[in-house]
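The values are calculated or read from the model by the stated rules, or taken from the named source; none is laboratory data. Computed from a prediction, not measured in an experiment: that's the story for all the values here. Note that each Cβ is placed from the backbone with ideal geometry, even for glycine, and that neighbours are counted across all protein chains shown. To get the accessible areas, we keep the full protein, side chains included, count just its heavy atoms, and leave off ligands, DNA and RNA. Shrake-Rupley method; radii C 1.70, N 1.55, O 1.52, S 1.80 Å.
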Amino acid sequence: KNEVEQSPQNLTAQEGEFITINCSYSVGISALHWLQQHPGGGIVSLFMLSSGKKKHGRLIATINIQEKHSSLHITASHPRDSAVYICAVGEDFGNEKLTFGTGTRLTIIP
Amino acid sequence: GAVVSQHPSRVICKSGTSVKIECRSLDFQATTMFWYRQFPKKSLMLMATSNEGSKATYEQGVEKDKFLINHASLTLSTLTVTSAHPEDSSFYICSGRKDQYNEQFFGPGTRLTVL
């Protein structure tokens, strides 16, 4: 079974700071997902990636398959970025089950 | 983007009653839908995988007679919590798989409180 670890568990930063959230997993994967969960509970899929790097607005996600590690970066952070960020991995194409990390709670202070 | 809705968003019921939660893919056909449960400050736990027109596959430890899942069409799956008890109180989230590349789109969740 894949072990998915995220760090840090909690992160508080000032508005404008560059944010990095890390995710490590133990078994080779087919794809890695970054999800955002706001206080109300709804989940938004931010990225799905299997190699390299993806960028969407102020969000950047990278993955290193050899090191079994991914990072989510937020540039010019804003209080509306405050949420729980969850890393999830899928192990096989055709096996859609995801293994979830425990999440990183990000708080951006104005 | 691909949108998944859930209804209701919040439900409070008495112990012993049954509650049905709907999950709809609004702008895509979801051949597979997933049902998750989330306890406070915990990560998502997969309950079952549902393929359109066939029986759901339940994860170990999830009672299929208690959590009835129906995936009757490519845009609708339902989760019925039968004879609900206070320990069933939780946040239930569904997701739909859009295509073969494993991308899942999540619903906004349903908060169930059983009194």
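Scan (1) within 14 Å of another protein chain (Cβ to nearest Cβ); (2) surrounded by 17 or more Cβ atoms within 10 Å (Cβ to Cβ); (3) more than 15 Å from the chain's Cα centre (by Cα); (4) not acidic (Asp, Glu) for the single condition residue A:108 breaks and write down its number.
All conditions are met except number (1).
Read through the list (1) of a type in the set (Val, Ile, Thr); (2) more than 14 Å from chain B (Cβ to nearest Cβ); (3) not in a strand (DSSP E or B), then give the number of the only condition that residue A:102 fails.
Here residue A:102 clears every test but (2).
Determine which single condition residue A:2 fails, assuming it passes every other condition in (1) at pLDDT 95 or above; (2) within 26 Å of residue B:91 (Cβ to Cβ); (3) more than 13 Å from the chain's Cα centre (by Cα).
(1)
Could you say whether any residue in segment A:32-50 is at positive phi, at pLDDT 95 or above and in a loop (DSSP other than H, G, I, E, B)?
No, there is no match, as no residue in segment A:32-50 is at positive phi, at pLDDT 95 or above and in a loop (DSSP other than H, G, I, E, B).
Scan segment A:59-77 residue by residue and report those that are of a type outside the set (A, V, I, L, M, F, W, C) and in contact with a strand residue (DSSP E or B) (Cβ under 6 Å, 6 or more places away or on another chain).
The answer is A:62, A:68, A:69, A:70, A:71, A:73, A:77.
Would you point out which residue out of B:88, B:99 is more than 14 Å from the chain's Cα centre (by Cα) and either open to solvent by less than 30 Å² (accessible area, probe 1.4 Å) or within 14 Å of chain A (Cβ to nearest Cβ) (or both)?
Step by step, each of B:88, B:99 is checked, and only B:99 is more than 14 Å from the chain's Cα centre (by Cα) and either open to solvent by less than 30 Å² (accessible area, probe 1.4 Å) or within 14 Å of chain A (Cβ to nearest Cβ) (or both).
In segment A:1-25, how many are under 18 Å from residue A:103 (Cβ atoms) and open to solvent by 40 Å² or more (accessible area, probe 1.4 Å)?
11
Suppose we filter A:44, A:84 for residues that are in contact (Cβ under 8 Å) with a residue 12 or more places away in the chain and either under 28 Å from residue B:94 (Cβ atoms) or surrounded by 15 or more Cβ atoms within 10 Å (Cβ to Cβ) (or both); which single one remains?
Selected residue: A:84, the only one of A:44, A:84 that is in contact (Cβ under 8 Å) with a residue 12 or more places away in the chain and either under 28 Å from residue B:94 (Cβ atoms) or surrounded by 15 or more Cβ atoms within 10 Å (Cβ to Cβ) (or both).
Within segment B:11-19, identify whether any single residue is part of a loop (DSSP other than H, G, I, E, B) and open to solvent by less than 30 Å² (accessible area, probe 1.4 Å), and answer yes or no.
No, every residue in segment B:11-19 fails to be part of a loop (DSSP other than H, G, I, E, B) and open to solvent by less than 30 Å² (accessible area, probe 1.4 Å).
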